[in-house]
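For reference, the structure discussed in these notes is given below.
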Amino acid sequence: MHPIVGIIMGSDSDLPIMQSAADILKEFGVPCELTVVSAHRTPHRMIEYAQQAKARGLKVIIAGAGGAAHLPGMIASVTTLPVIGVPIKSSNSIDGWDSVLSILQMPNGVPVGTVALNAAKNAGILAAEILGTFDDAIAEQIASYKTRLSSEVIEKVERLKKEGHENKFD
Ligand code: RP5
């Protein structure tokens with residue numbers, strides 16, 4: 001199936017984090033592509049990727065980078081597609097804050113929807129939620145995912161009760 005979400009990252013060293021975005025999208029049945037696009041090392045490739053993304057059929061772009069993380073913002077500056085940024089605590093990062101702030105603090109007019117540090121899974125879920133606004137099959141996948149999340153919590157509540165922890169709420 002033709003990819004409708006583009007997952008890009010500044011380096012292959014980001015892959016252990018960014019893989020979670022691809023995994024959750026696969027679970028939801030959302031076709032995606034994944035590659036390395038570096039803002040600083042391959043600036044022309046970055047511009048080309050952003051320029052071609054919409055015409056290639058992508059609907060949402062997830063971009064992850066660490067350190068001086070310019071990739072998500074620069075992609076957003078070129079494309080009209082929604083861009084979700086994933087700050088990554090990389091080897092060149094100062095506690096991840098550099099990446100968080102680089103991706104989060106975009107100037108007015110050029111938004112990047114930024115998820116938490118290393119939260120590529122949430123980026124995948126958010127991308128699916130955007131697609132779910134016009135694709136009922138994807139929306140149903142997300143609904144059942146959220147039902148599963150809720151059941152897991154209720155199971156934990158029951159376990160704590162069984163273990164004798166007092167709870168006057170239920
Ligand atoms: C960033 O620099 C990349 O997104 C990565 O998080 C970080 C380190 O890259 P490598 O030196 O491991 O290639 O641009």
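Under a cut-off of 16 Å between alpha-carbon atoms, report the lysines in cross-link reach of K168, not counting same-chain residues fewer than 8 places apart.
K156
Could you compute the FRET efficiency for S144 and T80, with r as their C-beta to C-beta distance and R0 at 41 Å, rounded to 0.05?
For S144 and T80, the calculated efficiency is 0.85.
Please label the shape of the range 66-170 as rounded, prolate or oblate, based on the square roots a ≥ b ≥ c of the eigenvalues of the alpha-carbon gyration tensor (a/c under 1.5 means rounded; beyond that, a/b larger than b/c means prolate, else oblate).
The shape class here is oblate.
At q = 0.13 Å⁻¹, what base-10 log of I(q)/I(0) does the Debye formula yield for the range 5-135 when every alpha carbon is treated as an equal point scatterer in vacuo?
Here log10 of I(q) over I(0) equals -0.44.
Do you know the relative contact order of the range 5-135, to the nearest whole percent, from alpha carbon pairs under 8 angstrom that are 6+ apart?
It rounds to 28 percent for the range 5-135.
When the accessible area of the chain is computed with all protein chains present and a 1.4 Å probe, what percentage of it is carbon and sulfur?
Heavy-atom surface of the chain belonging to carbon and sulfur, 1.4 Å probe: 56 percent.
Setting aside same-chain residues fewer than 8 positions from K121, which lysines have a Cα under 19 Å from its Cα?
Cross-link targets: K26, K59, K89, K146.
At most 15 other C-beta atoms within 10 Å and a DSSP loop state: those are the exposed chymotrypsin sites (Phe, Trp or Tyr not before Pro) I care about. Give me the longest piece of the chain that has none.
1-133
Quick check for you: with a 1.4 Å probe and neighbouring chains kept, what is the accessible area per residue of the range 83-122, in Å²?
Heavy-atom SASA per residue in the range 83-122 reads 55 Å².
What residue among D98, D23, D136 has the largest mean-square fluctuation in a Gaussian network model of the chain, using Cα springs under 10 Å?
Highest fluctuation among the options: D136.
On a C-alpha basis, how far is the centre of the range 11-82 from the centre of the range 104-170 in Å? Whole number, if you could?
Result: 22 Å between the Cα centres.
The values are calculated or read from the model by the stated rules, or taken from the named source; none is laboratory data. Source: prediction; values computed, not measured. Positions of Cβ are backbone-derived with ideal geometry, glycine not excepted, and every protein chain shown enters the neighbour counts. Only protein heavy atoms, including side chains, enter the accessible area calculation; ligands, DNA and RNA are left aside. Shrake-Rupley method; radii C 1.70, N 1.55, O 1.52, S 1.80 Å.
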